[in-house]
Amino acid sequence: MDNSLNGRKALVTGGASGIGAACARALAARGAKVVVADVDASGAAALADELGGTAWTVDLLDVDALAALSLDCDILVNNAGIQKVAPIEEFEPAEFRRILALMLEAPFLLIRAALPHMYANGFGRIINISSVHGLRASAYKSAYVSAKHGLEGLSKVTALEGGERGVTSNCINPGYVRTPLVERQIADQARLHGIPEAEVLAKVMLTESAVKRLVEPAEVASLAVWMASDDAGMVTGASYTMDGGWSAR
């Protein structure tokens, strides 16, 4: 049994489902005490009970509240995200700001809240669930692509500041993952591209990938767990693609 994370406390945002839930399960399986943070109170509580962890019901869009936080986690997984698919000229400014607040400003505020504890202990792992869209762009995703590109920069700055104090910061960059977030995009993608919903996977989502399937949440979690380990102590400021070859183009 791998108990390599015994004694570590992990906080996973968007932890009640999808990639976040997979990360929470994988971290707990290796001995970490996991805080499942999500706006979905019942989902977070159910998973926390399953893992012997704790639930934190939080609205990460309440950035004023996050600014006052102090966190005592050793591992921070910034995973929470939303998506909106629309042309720029139709993209509501309020929705653009909302996506950046959740997916860039909130990770900054959580990192800010966690670093003092990590610095004091000489150990910390910041794991940012980015996307291939942190490295590449797609049409109709101006806010998401902007947020993920910003997260890449934030992660690298965190790595440079934390390197001498035992804190690493990295991004994981998956392609399309089999999650509710991706499934909810299919109808919008079909409408914007003028194709049937049944053709979205092959003609839109997987067209750039050499491996023609969705990424599984557990695959992303396996990389997150490695990044959290002592074995990854020299890995920082990096962006690890898990995109089936998309970014090789």
Can you compute 3J(HN,Hα) from phi for each residue in the stretch 170-183, using the Karplus curve 6.51 cos²θ - 1.76 cosθ + 1.60 with θ = phi - 60°, rounded to whole Hz and x for Gly and Pro? 9, 10, 10, 10, x, x, 5, 10, 6, 9, x, 4, 6, 4
Ala198 to Leu100: extension gain in nm, 0.36 nm per residue of separation minus the Cα-Cα distance? 32.3 nm
I'd like to verify something in the chain: which complete DSSP H helices, judged by Cα projection on the helix axis, reach 24 Å or more and average at least -1.0 on the Kyte-Doolittle scale? 142-162
Determine, for each peptide in 14-21, 159-166, 190-197, the mean count of other beta carbons within 10 angstrom over its residues, then list the peptides with the highest first. 14-21, 159-166, 190-197
Here FRET efficiency (C-beta to C-beta, Asp188 to Leu160, R₀ 45 Å, nearest 0.05) is 0.75
Quote to one decimal, in nm, the extra length available between Ala29 and Ala41 on full extension: 0.36 nm per residue of separation minus the C-alpha distance between them. 2.1 nm
What whole-number distance in Å separates the alpha-carbon centres of the stretch 57-87 and the stretch 136-215? 18
Please give the FRET efficiency for Ile88 paired with Arg178, using the beta carbon to beta carbon distance and R0 = 25 Å, rounded to the nearest 0.05. 0.35
Calculated from backbone phi, Karplus (6.51, -1.76, 1.60) coupling profile of the stretch 60-72 in Hz, x at Gly/Pro: 6, 7, 7, 5, 5, 5, 5, 5, 9, 6, 10, 10, 10
Which cross-chain or sequence-distant (5 or more) residues have an amide H under 5 Å from the amide H of Met242, H modelled 1.01 Å from N in plane? Asn173, Gly175
About its Cα centre, how strong a charge dipole does the chain have in debye, to the nearest 20, once Lys and Arg get +1 and Asp and Glu get -1 at the Cβ? 460
If you consider only alpha-carbon coordinates, what radius of gyration and Dmax does the stretch 55-132 have, in Å? 14.4, 48
Peptide ranges 224-232, 24-32 listed from the most packed, as the mean C-beta count within 10 angstrom indicates: 24-32, 224-232
Relative contact order (percent, whole number), the chain, Cα cutoff 8 Å, 6+ residue spacing: 19
Total formal charge among the other residues, if their Cβ is under 12 angstrom from that of Ala120, Lys/Arg +1 and Asp/Glu -1: -1
If you stretched the chain out fully between Thr54 and Glu216, how much longer would it get, using 0.36 nm times the residue separation minus the C-alpha to C-alpha distance? 55.8 nm
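None of the figures in this text is laboratory data; all of them are computed from the coordinates on show. Being a predicted model, the structure only gives us computed values, none of them experimental. FYI the Cβ positions are ideal-geometry reconstructions off the backbone, even for glycines, and counts take in every protein chain you see.
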